[in-house]
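Report on one structure; see the data block that follows.
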Number of protein chains: 2
Amino acid sequence: MIEPDIEQLCRRDSETAGHVRDILDRVGDKWSMLVISLLEHGPRRYGSLASDIPGISQRMLTVTLQRLERDGLVTRTSFPEIPPRVEYALSSLGETLKEPIGALARWAYQYKDEFAASRDRYDEARA
Amino acid sequence: MIEPDIEQLCRRDSETAGHVRDILDRVGDKWSMLVISLLEHGPRRYGSLASDIPGISQRMLTVTLQRLERDGLVTRTSFPEIPPRVEYALSSLGETLKEPIGALARWAYQYKDEFAASRDRYDEARA
DNA sequence: CCGCATCCAAGCCGATACTG
DNA sequence: CAGTATCGGCTTGGATGCGG
């Protein structure tokens, strides 16, 4: 595999960029990463996710799951029962995302104090 | 170091979350990752960055650099000359970000086709 | 040359009400 | 239970003009 140049991959205009910006947008949006982390341990129902994410609206849970399904990161299985039952699970593609996301999370955890200190210093200097 | 739980780290409300959400927001915004990638090879001047990022406005380059400086990822050095000269460089903290970001970029590059195919399938099924 | 200030457009997100 | 529809606010980002 050719080693990608991060610079090219981050551009929105570049033809060689592929869809890296789309991934960064998904990573950066408000709920996607939390939903993915909740699906790590196995399939979950819509209502189960909702009750485990305080503060999310029905609309945003629906929208987030639809986007993740469109991107191929999450699978949606609806059972034709009454009452209806729908299960969401990480796809095999979604599984592979766990590693780079985990790396980012570990980084953020490791340097969170340094990060916060820098912000405090910056805000202090301007107050 | 304690292994962080991604789930907790992604929540906005959790006390234990630290500032992982802040990092994801920065990673996800429109220009930050591109600016960081341009600073990988050494310090750059404001104008040099501007001319190398087609489509960015002066305002957004300034705002992006300020946010990165506040987060401690980028350092800003201004030389008291006329005309003024300002150089931006990756801080040591910013250097450490290259690895997890690179992992994400490699992931996106590796699976970009699968990703695009999934979107096409999804959109097709609804058209 | 390097930015800040202002105004404005677009998109993300939340609240609420309603449906199979 | 698992959504859809609509509205409205808030934040992000773009265009332009001015200042050190």
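The values are calculated or read from the model by the stated rules, or taken from the named source; none is laboratory data. Since the structure is predicted, the reported quantities are computational estimates derived from the model, not experimental observations. Please note: Cβ atoms are built from the backbone with ideal geometry, for glycine as well, and neighbour counts cover all protein chains shown. These area figures cover heavy atoms from the full protein model, side chains too; ligands, DNA and RNA do not enter into them. Shrake-Rupley method; radii C 1.70, N 1.55, O 1.52, S 1.80 Å.
Would you confirm, using the coordinates I've provided, whether A:Ser32 is more than 12 Å from DNA strand C (Cβ to nearest atom) and of a type in the set (S, T, N, Q)? For A:Ser32, the condition - more than 12 Å from DNA strand C (Cβ to nearest atom) and of a type in the set (S, T, N, Q) - is not met. Counting only residues that are of a type in the set (D, E, K, R), facing chain B (nearest Cβ under 7 Å) and either open to solvent by 40 Å² or more (accessible area, probe 1.4 Å) or part of a loop (DSSP other than H, G, I, E, B) (or both), the stretch A:100-127 holds 3 of them. Here B:Gln58 qualifies as more than 12 Å from chain A (Cβ to nearest Cβ) and either closer than 19 Å to A:Gln8 by Cα or within 15 Å of DNA strand D (Cβ to nearest atom) (or both). The residues of the stretch B:72-95 that are surrounded by fewer than 16 Cβ atoms within 10 Å (Cβ to Cβ) and either more than 11 Å from DNA strand C (Cβ to nearest atom) or β-branched (Val, Ile, Thr) (or both), listed by number, are B:Thr77, B:Pro80, B:Ile82, B:Val86, B:Ala89, B:Ser92, B:Glu95. Within the stretch B:35-49, does at least one residue satisfy the condition of being under 14 Å from the mean Cα position of the chain (by Cα) and within 15 Å of DNA strand D (Cβ to nearest atom)? Yes, the stretch B:35-49 contains at least one residue that is under 14 Å from the mean Cα position of the chain (by Cα) and within 15 Å of DNA strand D (Cβ to nearest atom). Counting only residues that are more than 15 Å from B:Ile36 (Cβ to Cβ), near DNA strand C (Cβ under 10 Å from one of its atoms) and open to solvent by 60 Å² or more (accessible area, probe 1.4 Å), the stretch B:50-71 holds 3 of them.
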